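K.L.:
Just dropping this structure here.
The values are calculated or read from the model by the stated rules, or taken from the named source; none is laboratory data. None of the values given here were measured: they were computed from a predicted structure. A quick note on method: Cβ atoms are made from the backbone with ideal geometry, for glycine too, and the neighbour counts reach across all protein chains shown. Calculation scope for accessible area: heavy atoms of the full protein, side chains included, ligands and nucleic acids excluded. Shrake-Rupley method; radii C 1.70, N 1.55, O 1.52, S 1.80 Å.
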Number of protein chains: 2
Amino acid sequence: MNTHTEENYLKAIFNLSATKGEANVNELSRQLDIKMPTVNSMMKKLSDRGLIIYESYKPVRLTKKGQKEAAMIIRKHRLTEMYLVEKMGFGWDEVHDIAEQIEHVQSPEFFAKMDELLGYPKVDPHGSPIPDRNGKMEWTEYHKLNECKPGDTVIFKAVTHSSDDFLKFLNTRELLLETVIKVISIESFDGTITVEYNKRKQELLSNIVCDKILVSHKKTRSV
Amino acid sequence: MNTHTEENYLKAIFNLSATKGEANVNELSRQLDIKMPTVNSMMKKLSDRGLIIYESYKPVRLTKKGQKEAAMIIRKHRLTEMYLVEKMGFGWDEVHDIAEQIEHVQSPEFFAKMDELLGYPKVDPHGSPIPDRNGKMEWTEYHKLNECKPGDTVIFKAVTHSSDDFLKFLNTRELLLETVIKVISIESFDGTITVEYNKRKQELLSNIVCDKILVSHKKTRSV
DNA sequence: ATATAAAGTTAGAATATTCTAACAAAATTA
DNA sequence: TAATTTTGTTAGAATATTCTAACTTTATAT
Ligand SMILES: [Mn+2]
Ligand SMILES: [Mn+2]
Ligand SMILES: [Mn+2]
Ligand SMILES: [Mn+2]
C-alpha cells in the first residue's frame, strides 16, 4: 500500500497528466506546495516502486500500475464529493477539502457503499468523471465556454477548476451544472462574453471565468 | 493541531484512563502495538506540549487540555460509527476500523453535519457515550451482566469491548442493544450464565462474554 | 552564439516516528 | 530480605518526509 504522501503525489501527477499526458517536477512542486528537491526525491522513490517512468531532466509519466492506483484515489475523492453533496447536503464549494482527506481512507467497503447509495454515479459535483473500479473513466468531449460563438446555445457540464472562490462566484450568479446558456456576444478586445440563462438577460462573464466553464452543445440526440 | 499519531496516543490514554483514571507506558504499548521506548518518547513530547502529566516511572494522566482534545477525537470516532450504522447501513461489527481513520479528518463542518443528520445522538452503536462539543459526556452507571443475580431482568445497554469477533458472536445470538434479558441461573464453578431473551430460552453465555456486556436493571422510572 | 533565466539535481541537515539492545527501577515472589 | 519478574528508561540507529544551499542542465532571450 502507498502512504498518504505517496498518494498525494500520484494524484497530482494524474491531474497534471490529464492535459499533457506527463508532469514535470516544477509543476508538481507548485501544485503540491513542496520544494523541488523533495519532489525530485519522491520521483526516484515512485520510480523505484514502479509507479512512474522517470529519467533525469525529463517529465514523468505514470506506468500502468501508477495510472491504476492514481485513478483509484481520484475515484475515492470524487465519490466522496458526490456523497457529501447528494447525501449530506453540502454545497459543491464545500466538499473538496473534506474529500482531500477522506480519499485516503482504506476501506473498499466504505467506498462501495457510497457508490451503491449514490446509484453508481458517473460524474462528481463538478462534472468530472468518476473512474470505475478498474480505473477506467469516460471523458466526454466538452468545449470551453470562451470558445463558443455568438448564437450558440450550450449546457453547462463541468468546471475545470474548483476553487471555493470560483464556485461561490458561480453560486451568486445561479450558474449550476446543467444550466442552459445562450451566448449573445463576445467582446473582441477582452473576450468578455454576454450570456442569457434562466431568467437572466445580458449577464456578463469575463473570459477568465468562461475559460473554466465546460459546456456541451445543445443538440437533439437520437436515442 | 496534533498529528494523526499524537491523536492515536491521546485516544489510547483516554480509553485506558476511563477505568483507572491513568494510563501506564506498558499498557499503552500493548494497546497501540508500539514498543515501550517509542511510547516513552511520545510521553515526553505530549508532556512538553501540555497534554499530559508525566513523571518518570509513574502512570500518565491527561491534563484539562489533553482531556478536551482526546474527547474531541473520541467524539468524532463515535459520531462516525453512528453515522455509518444509521445512515449508511453498516453493521455495528463493521464500523470501528473505518471510524478509526475518519476520526482524524479535520473539518468541524463535516462532523457537525453528521451530528445534525443523526439528530444529536448521545451514544454510539456500541452503547458508549458520545462526548458533546465541549468534551463532556454522560456516563450512565451500568452493571456487568456477570454480576447480575438469578431472577434479574435487565436491558442490554452497551458492550465494553467491541472487537469484530465478539460483535459477530452477539449477532449470531440475536443479542442487540435494548434486548431485554432475564437471568435464569449462574453456574457456581465457571460462572456460565443461563438467560432468556426474545423467544430464546435456556441460552448459555460464558462468564467472559457476560463480562463484556453492560446492562441496566429494568425498572419503571418515574418521568 | 552568448548570456540569462528557468528547471532540475545533489548534498547535507532537520523533524517525526519507530525500532533493538542494554540498563535501571519498581513490584512481586520466594 | 533476596531473588526474580515486570515495567520503564536511555542510547543509538533506521525510515520517511521535508527543507536550504549550491550546482548543473535545459530553455529562452538578446
Ligand atoms: Mn475535488
Ligand atoms: Mn489528499
Ligand atoms: Mn470504535
Ligand atoms: Mn485512529
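K.L.:
Look at A:Ile74 and say whether it is modelled with pLDDT of 95 or more, within 16 Å of ligand 2 (Cβ to nearest atom) and within 22 Å of A:Ile213 (Cα to Cα).
P.N.:
Answer is yes for this residue.
K.L.:
Of everything in the stretch A:116-140, what is among the acidic types (Asp, Glu), away from every other protein chain (no Cβ under 14 Å) and over 26 Å from A:Leu170 (Cα atoms)? Give them in sequence order.
P.N.:
Across the stretch A:116-140, the qualifying residue is only A:Asp132.
K.L.:
Confirm whether B:Leu175 is in contact with a helix residue (DSSP H, G or I) (Cβ under 7 Å, 6 or more places away or on another chain), more than 16 Å from ligand 4 (Cβ to nearest atom) and open to solvent by less than 40 Å² (accessible area, probe 1.4 Å).
P.N.:
Against the criterion (in contact with a helix residue (DSSP H, G or I) (Cβ under 7 Å, 6 or more places away or on another chain), more than 16 Å from ligand 4 (Cβ to nearest atom) and open to solvent by less than 40 Å² (accessible area, probe 1.4 Å)), B:Leu175 does not qualify.
K.L.:
Starting from the stretch A:89-115, take each residue that is facing another protein chain (nearest Cβ under 7 Å) and list its partners that are among the polar types (S, T, N, Q), counting only C-beta distances under 6 angstrom and pairs at least six apart or across chains.
P.N.:
Listed pairs, sorted by first residue: A:Ile98/B:Ser107; A:Ile102/A:Thr80; A:Val105/B:Gln101.
K.L.:
Looking at the stretch B:46-68, which of its residues are within 14 Å of DNA strand C (Cβ to nearest atom) and either loosely packed, with under 15 Cβ neighbours inside 10 Å or within 30 Å of A:Gly89 (Cα to Cα) (or both)?
P.N.:
Matches in the stretch B:46-68: B:Asp48, B:Arg49, B:Glu55, B:Ser56, B:Tyr57, B:Lys58.
K.L.:
While we're looking at this one, here's another question. Kindly indicate whether B:Tyr57 is away from ligand 2 (no atom under 16 Å from the Cβ) and within 20 Å of the chain's Cα centre (by Cα).
P.N.:
No: the conditions fail for B:Tyr57.
K.L.:
Determine whether A:Ile98 is of a type in the set (Val, Ile, Thr) and out of contact with any Lys or Arg (no Cβ under 6 Å at 6 or more places or on another chain).
P.N.:
It is true that A:Ile98 is of a type in the set (Val, Ile, Thr) and out of contact with any Lys or Arg (no Cβ under 6 Å at 6 or more places or on another chain).
K.L.:
Run A:Cys148 past the list (1) at pLDDT 95 or above; (2) open to solvent by less than 20 Å² (accessible area, probe 1.4 Å); (3) away from every other protein chain (no Cβ under 12 Å) and report the number of the one that doesn't hold.
P.N.:
(1)
K.L.:
Failed condition for A:Gln106, given (1) within 16 Å of ligand 4 (Cβ to nearest atom); (2) on the phi > 0 side of the Ramachandran plot; (3) of a type outside the set (Lys, Arg), with all others met?
P.N.:
Going through the list (1) within 16 Å of ligand 4 (Cβ to nearest atom); (2) on the phi > 0 side of the Ramachandran plot; (3) of a type outside the set (Lys, Arg), A:Gln106 breaks only (2).
K.L.:
Something else about it: Filter the stretch B:119-158 down to the residues that are of a type outside the set (D, E, K, R) and over 19 Å from the mean Cα position of the chain (by Cα) and list them by number.
P.N.:
Passing the criteria: B:Gly119, B:Cys148, B:Pro150, B:Gly151, B:Thr153, B:Val154.
K.L.:
Considering the stretch A:1-29 alone, what residues qualify as being within 12 Å of DNA strand C (Cβ to nearest atom), more than 14 Å from chain B (Cβ to nearest Cβ) and either closer than 16 Å to A:Gly135 by Cβ or in a loop (DSSP other than H, G, I, E, B) (or both)?
P.N.:
Once the filter is applied, which keeps residues that are within 12 Å of DNA strand C (Cβ to nearest atom), more than 14 Å from chain B (Cβ to nearest Cβ) and either closer than 16 Å to A:Gly135 by Cβ or in a loop (DSSP other than H, G, I, E, B) (or both), the stretch A:1-29 yields A:Glu22, A:Asn24.
K.L.:
If you don't mind, there's one more thing I want to ask. Quick one: which residue in B:Lys68, B:Lys45 is more than 14 Å from chain A (Cβ to nearest Cβ), in contact with a Gly (Cβ under 8 Å, 6 or more places away or on another chain), in a helix (DSSP H, G or I) and more than 16 Å from ligand 4 (Cβ to nearest atom)?
P.N.:
None of the other options fit; the residue is B:Lys68.
K.L.:
Does the stretch A:10-21 contain any residue that is within 23 Å of the chain's Cα centre (by Cα), buried (at least 22 other Cβ atoms within 10 Å of the Cβ), among the polar types (S, T, N, Q) and within 13 Å of ligand 2 (Cβ to nearest atom)?
P.N.:
Among the residues of the stretch A:10-21, not one is within 23 Å of the chain's Cα centre (by Cα), buried (at least 22 other Cβ atoms within 10 Å of the Cβ), among the polar types (S, T, N, Q) and within 13 Å of ligand 2 (Cβ to nearest atom), which makes the answer no.
K.L.:
Sticking with this structure for a sec: Go through the stretch A:87-179 and tell me which helices (runs of 4 or more DSSP H), entirely inside it, have 3 or more residues that are among the aliphatic types (A, V, I, L, M), more than 16 Å from DNA strand D (Cβ to nearest atom) and out of contact with any strand residue (DSSP E or B) (no Cβ under 9 Å at 6 or more places or on another chain).
P.N.:
Ranges flagged: A:96-102, A:108-118.
K.L.:
Continuing with the same structure: Have a look at B:Ile193, B:Ile155, B:Ile181, B:Ile213 and point out the one that is buried (at least 19 other Cβ atoms within 10 Å of the Cβ), hydrophobic (A, V, I, L, M, F, W, C) and within 30 Å of B:Ala71 (Cα to Cα).
P.N.:
When all the criteria are applied, what remains is B:Ile213.
K.L.:
Which residues, taken from the stretch B:30-42, are near DNA strand C (Cβ under 9 Å from one of its atoms) and assigned to a helix (DSSP H, G or I)?
P.N.:
Once the filter is applied, which keeps residues that are near DNA strand C (Cβ under 9 Å from one of its atoms) and assigned to a helix (DSSP H, G or I), the stretch B:30-42 yields B:Leu32, B:Met36, B:Pro37, B:Thr38, B:Val39, B:Asn40, B:Ser41, B:Met42.
K.L.:
Do we have B:Leu84 as facing chain A (nearest Cβ under 10 Å), modelled with pLDDT of 95 or more and open to solvent by 20 Å² or more (accessible area, probe 1.4 Å) here?
P.N.:
So B:Leu84 fails the test.
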